[in-house]
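Laboratory data are not the source of any read-out in this text; all were calculated from the coordinates shown. Please read all numbers here as calculations on a predicted model, not as lab measurements. Cβ coordinates were reconstructed from backbone atoms using ideal geometry, including for glycine residues, and neighbour counts include every protein chain displayed.
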Amino acid sequence: MSATAHKKAPNAEDIRSRKGGDPLVSLTAYTTPMARLMDAHCDFVLVGDSVGMVLHGLTSTLGVTMEMMIMHGQAVARGLDNAMMVVDMPFASYEHDPAQAFRNAARLMSETGAGAVKLEGGVEMAETIRFLVKRGIPVMAHIGLTPQSINTLGGYKVQGRDEQAQAVLADAHAVTDAGAFSVVLEKVPQNLADRITSEIAIPTIGIGASVGCDGQILVVDDMLGFFTAFKPKFVKRYADLGPLAEAAIAEYAAEVRARSFPADEHVFADTAPATGSKS
Ligand SMILES: Nc1nc(=O)c2c([nH]1)NC[C@@H]1CN(c3ccc(C(=O)N[C@@H](CCC(=O)O)C(=O)O)cc3)CN21
Ligand SMILES: CC(C)C(=O)C(=O)O
Ligand SMILES: [Mg+2]
């Protein structure tokens, strides 16, 4: 926690009440320092299971565990004063039945201090969402492209074109009726995202959806240019820090090899200076 003045972080009902209002701003974060950078600028921060692909080198989100989500959730919590924290439920931690979902969602909430959990699925997860919400766990839903279902979806493709649109619309209504306080729409056509946003009573958070959604989210390493293994069309690079970081590393390597680093200012004399810094 910083010592600077801060407002109280919003809770799930504050986020719900933003329906149709000023756009909700969110990014993912996985570490304390990155959370600190976005705390003053985001309404909520998602500890996404994308952490597995972004920070752990996995090729999908299926290998992400409860332990990983708890450890990254705890790290992010230490960096937030103003923004709400939402934690993704990892693959296989909630799909079996509502009781399993409650056990794991409760662990995520109590061990990280998250204000809500997010889980993937629409109609098929409605009963579980209702079960959690009735027992005190705010749920953010996630429909459209649901990356934990990559093996049945057959790729990270647009969801809800043509005859598939009715199914995504039904998902949006199902999670709303089940009590979700907001819903992520990932990689659905713009017209469908706009229709869902106008029809349901909870905020829609778009990622590859529509500028008309009630809010937007991106993976922070994507928008900063740190993650470059792939770049979905919905990613806008606001900075290109990956190449900047590599150039710095290359310069360090060259200076070590040339014995020009460390310089005098980075090393210590036999005798401490009479005054000045302790370094
Ligand atoms: N770095 C990162 N960013 C993400 O947005 C993200 C993750 N990781 N990991 C978890 C999921 C996976 N998601 C993804 C992953 C890949 C594409 C992608 O490559 N899309 C391509 C087309 C791929 C296809 O059609 O099969 C694109 O151009 O959008 C999109 C979303 C979103 N999430
Ligand atoms: C992309 C967002 C919505 C997500 O679920 C994640 O980062 O895991
Ligand atoms: Mg996720």
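In sequence order, what are the phi-derived ³J(HN,Hα) couplings for the stretch 133-145 according to the Karplus relation 6.51 cos²θ - 1.76 cosθ + 1.60 with θ = phi - 60°, rounded to whole Hz, with x for glycine and proline?
4, 5, 9, x, 10, x, 10, 9, 8, 8, 10, x, 6
Kindly state, to the nearest 0.05, the FRET efficiency for Ala40 paired with Thr228, given R0 = 25 Å and r defined as their beta-carbon distance.
Here the calculated transfer efficiency is 0.40.
About the Cα centre, and with charges only on the beta carbon of Lys, Arg (+1) and Asp, Glu (-1), how big is the dipole of the stretch 12-240? Nearest 20 debye, please.
Dipole of the stretch 12-240, to the nearest 20 debye: 200 debye.
So what J values fall out for the stretch 177-191 if you push phi through Karplus, 6.51 cos²θ - 1.76 cosθ + 1.60 with θ = phi - 60°, rounded to Hz, Gly and Pro as x?
Each residue of the stretch 177-191 in turn: 5, 6, x, 4, 8, 5, 9, 7, 10, 10, 6, 10, x, 4, 4 Hz.
Kirkwood Rh over Cα pairs of the chain into Stokes-Einstein at 37 °C, 0.692 mPa s: D in µm²/s?
163
Using helices alone, I'd like the mean residue ellipticity at 222 nm for the chain: each DSSP H run of four-plus residues gives -39500 (n - 2.57), total over residue count, nearest 500.
Numbers: 11 runs with 102 residues, N = 279.
Roughly -10500 deg cm²/dmol at 222 nm, from the helical runs in the chain.
Once amide H atoms are placed 1.01 Å from N in the peptide plane, what residues at a sequence separation of 5 or more from Lys118, or on another chain, have their amide H within under 5 Å of its amide H?
Counting only residues 5 or more places away or on other chains, the set is Val87, Asp88, Met89, Met140.
Restricting to the chain, compute how many DSSP beta bridges are antiparallel as a %, nearest 5.
Working: 1 of 30 bridges.
Counting only bridges with both partners in the chain, antiparallel ones make up about 5 percent.
Applying the Karplus parametrisation 6.51 cos²θ - 1.76 cosθ + 1.60 with θ = phi - 60° to the phi angles of the stretch 120-126, what ³J(HN,Hα) value in whole Hz is obtained for each residue in order, glycine and proline being reported as x?
8, x, x, 3, 6, 9, 4
List Asp162, Asp43 from most exposed to least, where exposure is judged by having the fewest other Cβ atoms within 10 Å.
Starting with the residue having the fewest Cβ neighbours, the order is Asp162, Asp43.
Of Lys7/Lys157; Lys8/Lys157; Lys19/Lys233; Lys8/Lys187; Lys134/Lys233; Lys8/Lys233, which pairs sit farther than 30 Å apart, going by alpha carbon to alpha carbon?
Over 30 Å Cα-Cα: Lys7/Lys157; Lys8/Lys157; Lys8/Lys187; Lys134/Lys233; Lys8/Lys233.
Can you sort Tyr156, Tyr252, Tyr30 from fewest to most other Cβ atoms within 10 Å of each residue's own Cβ?
Tyr252, Tyr156, Tyr30
Could you list Val158, Val87, Val54 so that the one with the fewest beta carbons within 10 Å of its beta carbon is first and the one with the most is last? Before the final figure, lay out the partial values.
Values: Val158 16, Val87 29, Val54 20.
Going from least to most buried by this count: Val158, Val54, Val87.
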